[in-house]
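Notes to accompany the following structure.
The values are calculated or read from the model by the stated rules, or taken from the named source; none is laboratory data. None of the values given here were measured: they were computed from a predicted structure. Note: ideal-geometry Cβ built from the backbone for every residue, glycine included; neighbour counts use all protein chains shown. Areas reflect the complete protein model, heavy atoms only, side chains present, ligands, DNA and RNA absent. Shrake-Rupley method; radii C 1.70, N 1.55, O 1.52, S 1.80 Å.
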Amino acid sequence: MRRWFAAGLAVAAVIGATAIAASQEVKSLRGDQAITEVDKAPPVHQVREGQRYERAYRQQPPLIPHAIEKYEIDVKVNQCLRCHDWPQNVRENAPKVSETHYVDRQGVRLDKIASTRWFCNQCHVPQADAKPLVENTFKPASPATR
Ligand code: HEC
Ligand code: HEC
């Protein structure tokens, strides 16, 4: 009698699980697209030139107020320095790379840009009028009074 009861329970469990699986619709993050379909390209935002976005907090790497896709940065070449390294920046009328970028990890002052700052776009990104990817409640640390 006990055994029949246990077997009956097991059968009921299997039927139940199947029913739940069938009623739950499986949906991927891509939505209803077939795997073979290619996702739509995300929108490309235009760089806002001719004005500078304010920093949201004191230590923020300033946003880049110009396009950068033509400037190569790799192990050997860094074309940003052509305009931003001293003394070229004077001729190019570009803001000089921050003094903090000439200090290595041990705090030693260097004459060349520190290798920890070589890949500029690790920290600096072109500014764009783009909506936040995720809704959030971020507010600037010290809202500008302007
Ligand atoms: C042809 C010269 C030139 C090159 C190359 C160049 N920039 Fe600039 N950059 C400028 C000028 C000029 C400004 C100032 C623009 C303004 O004030 O509107 C500027 C502004 C900036 C600023 C804003 C600084 C601040 O204090 O607000 C950042 C950050 C910056 N550039 C980063 C970069 C990075 C990173 C690269 C390489 C990917 C790069 N730039 C390549 C000329 C250049
Ligand atoms: C590890 C992050 C990081 C990297 C890499 C980096 N920067 Fe910065 N940069 C900052 C931060 C943070 C500031 C603002 C605080 C400061 O001045 O140090 C800044 C400031 C600046 C400024 C403004 C200076 C001023 O006096 O207003 C310029 C221009 C700049 N960086 C250019 C560059 C260029 C060009 C490169 C690549 C050669 C680069 N940065 C690499 C983080 C970085």
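Against the definition (hydrophobic (A, V, I, L, M, F, W, C), touching an Asp or Glu at 6+ places or on another chain (Cβ under 7 Å) and more than 6 Å from ligand 2 (Cβ to nearest atom)), how does Leu63 come out, yes or no? No; evaluated as a whole, the condition is false for this residue.
Of all residues in the range 49-60, those that are without any contact (Cβ under 8 Å) to a residue 24 or more places away in the chain and either open to solvent by less than 60 Å² (accessible area, probe 1.4 Å) or more than 10 Å from ligand 2 (Cβ to nearest atom) (or both) total 4.
Looking across the range 98-111, the residues that are assigned to a loop (DSSP other than H, G, I, E, B) and surrounded by fewer than 11 Cβ atoms within 10 Å (Cβ to Cβ) come down to Arg105, Gln106, Gly107, Val108, Asp111. Apart from one condition, Glu69 fits all of (1) closer than 17 Å to Gln122 by Cα; (2) surrounded by 10 or more Cβ atoms within 10 Å (Cβ to Cβ); the exception is (2). Restricting the first member to the range 113-142 and to residues that are more than 16 Å from ligand 1 (Cβ to nearest atom), and the second to residues that are of a type in the set (Ser, Thr, Tyr), the beta-carbon pairs closer than 6 Å and six or more apart or on different chains are Ala141/Tyr57. Somewhere in the range 27-47, is a residue open to solvent by less than 100 Å² (accessible area, probe 1.4 Å), in contact with a Pro (Cβ under 7 Å, 6 or more places away or on another chain) and modelled with pLDDT of 80 or more? Looking through the range 27-47, at least one residue is open to solvent by less than 100 Å² (accessible area, probe 1.4 Å), in contact with a Pro (Cβ under 7 Å, 6 or more places away or on another chain) and modelled with pLDDT of 80 or more.
Here is the figure for the range 29-85: residues that are near ligand 1 (Cβ under 10 Å from one of its atoms), in a loop (DSSP other than H, G, I, E, B) and of a type in the set (A, V, I, L, M) total 3.
Glu135 meets the conditions (1) within 11 Å of ligand 2 (Cβ to nearest atom); (2) exposed (fewer than 14 other Cβ atoms within 10 Å of the Cβ) in every case but one. The failed one is (1).
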